[in-house]
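Only one structure is covered here, and it is reproduced in the block below.
Where a number appears in this text, it was derived from the coordinates with a stated rule and is not lab data. Treat the numbers as computed from the prediction; the structure is a model and nothing was measured. Cβ: placed from backbone, ideal geometry, glycine included. Neighbour counts: every protein chain shown.
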Amino acid sequence: MSRRMILASFLLASPLASAQMDKTPPKVIASEQLDKYWVMTNMSVNADVPNVGRNMNQPGCATVSFVVEKNGATSTIKVQRVVPEGDLGKVAKSVAAGLQFQATALNAGKDRVFSWLIFPFNLPADPAARTAVMKQCQIDKIDWKDR
């Protein structure tokens, strides 16, 4: 077999190549419905947290959209909202990049989905105050065109 043929076979078999070849838009799933299609398998996620940054110590949240690919990895990650404005969005984006999912029985075909999650930061102890912070990042619907 020639080197070109081996390389072509390798590229076609790689998950990255198949993800790039799939141009079909993913199904848009509201965040509260995501667990019907994909379940997060991470026990923990490493975040890229800078030593200094704007509003890093403030209570806040970030809404991040992403695609769950057929292999359970995330792609097309975008910070949709950050409260308060600052560098917490970069941290949230790094968390989303490290998420891993497993398809549910409902999603036996491992269909790609586009969804979003809210990541909390430095939340206060008081439940009402926590809810108030998280409510600021609530987005009812994000469309595929918003990626």
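Of the residues A103, N55, F121, the one whose Cα sits farthest towards the positive end of the charge dipole of segment 25-146 is A103 (charges of +1 on Lys and Arg Cβ, -1 on Asp and Glu Cβ, taken about the Cα centre).
How many percent of DSSP beta bridges within the chain run antiparallel, rounded to 5?
If I count the DSSP bridges inside the chain, around 90 percent turn out antiparallel.
When each of L34, L106, L88, L123 is scored by the number of other beta-carbon atoms lying within 10 Å, the sequence from fewest to most is L106, L123, L34, L88. Using θ = phi - 60° in the Karplus curve 6.51 cos²θ - 1.76 cosθ + 1.60, the 3J(HN,Hα) couplings for segment 68-73 round to 8, 7, 4, 8, x, 8 Hz; x is entered for Gly and Pro. Between the amide H of F101 and those of T41, A73, distances stay under 5 Å, these residues lying 5 or more places away or on another chain, with hydrogens modeled in the peptide plane.
Relative to the longest principal axis of the Cα atoms of the chain, helix 3-13 runs at roughly 40 degrees. Mean separation of Cα pairs under 8 Å and 6 or more residues apart, divided by the residue count, gives the chain a relative contact order of 31 percent. Eigen-decomposition of the gyration tensor built on the alpha-carbon atoms of the chain gives equivalent ellipsoid semi-axes of 33, 18, 13 angstrom, largest listed first.
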